[in-house]
Amino acid sequence: MQRHQQGLTRGERRLLWRLLVFALAAAILWFLFAPGRGILRYQRLQKQIEVLSQENKGLQEHNAALRKEIERLQSDEAYLEHMARQKYGLLKENETVYEFEPSGKKK
């Protein structure tokens, strides 16, 4: 009867300690690797957010450059003419283009 009044035996305490350590390890592993919600998934999502933020920043800068180009094409006649000539090969009225072939190698 005295054994029950003293508490757990040494073997029972050891078993209880092992069960507690196992439960704690299982909880930590579940927290780290839980499908769809573990810390590793959180870290992957954070990296994905960072990549998408950088891509978004690049796209915003590209959009700003395109807006400036559009504004310039709408307001600057000389630039519009330059781009029409350069990009589309357009000519003014009564303008003639002469194309010369590069001279061949001297033999």
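A few remarks follow.
- Unmet requirement for S53, which otherwise passes all of (1) on the phi > 0 side of the Ramachandran plot; (2) at pLDDT 95 or above: (1)
- Pair list, Cβ under 9 Å, 6 or more apart: segment 81-94 residue among the small types (G, A, S), other residue in a helix (DSSP H, G or I) and surrounded by fewer than 11 Cβ atoms within 10 Å (Cβ to Cβ): none
- Some residue of segment 37-49 being assigned to a helix (DSSP H, G or I), surrounded by 10 or more Cβ atoms within 10 Å (Cβ to Cβ) and more than 34 Å from the chain's Cα centre (by Cα): no
A quick yes/no check of all residues on (1) more than 37 Å from the chain's Cα centre (by Cα); (2) charged (D, E, K, R):
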| position | (1), (2) |
| --- | --- |
| L52 | no, no |
| A64 | no, no |
| Y79 | no, no |
| K92 | yes, yes |
| T96 | yes, no |
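- Residue match in segment 11-18 (condition: under 17 Å from the mean Cα position of the chain (by Cα), part of a helix (DSSP H, G or I), surrounded by 10 or more Cβ atoms within 10 Å (Cβ to Cβ) and acidic (D, E)): no
The values are calculated or read from the model by the stated rules, or taken from the named source; none is laboratory data. Treat the numbers as computed from the prediction; the structure is a model and nothing was measured. With ideal geometry, Cβ positions are generated from the backbone for all residues, glycine too; neighbour counts draw on all protein chains shown.
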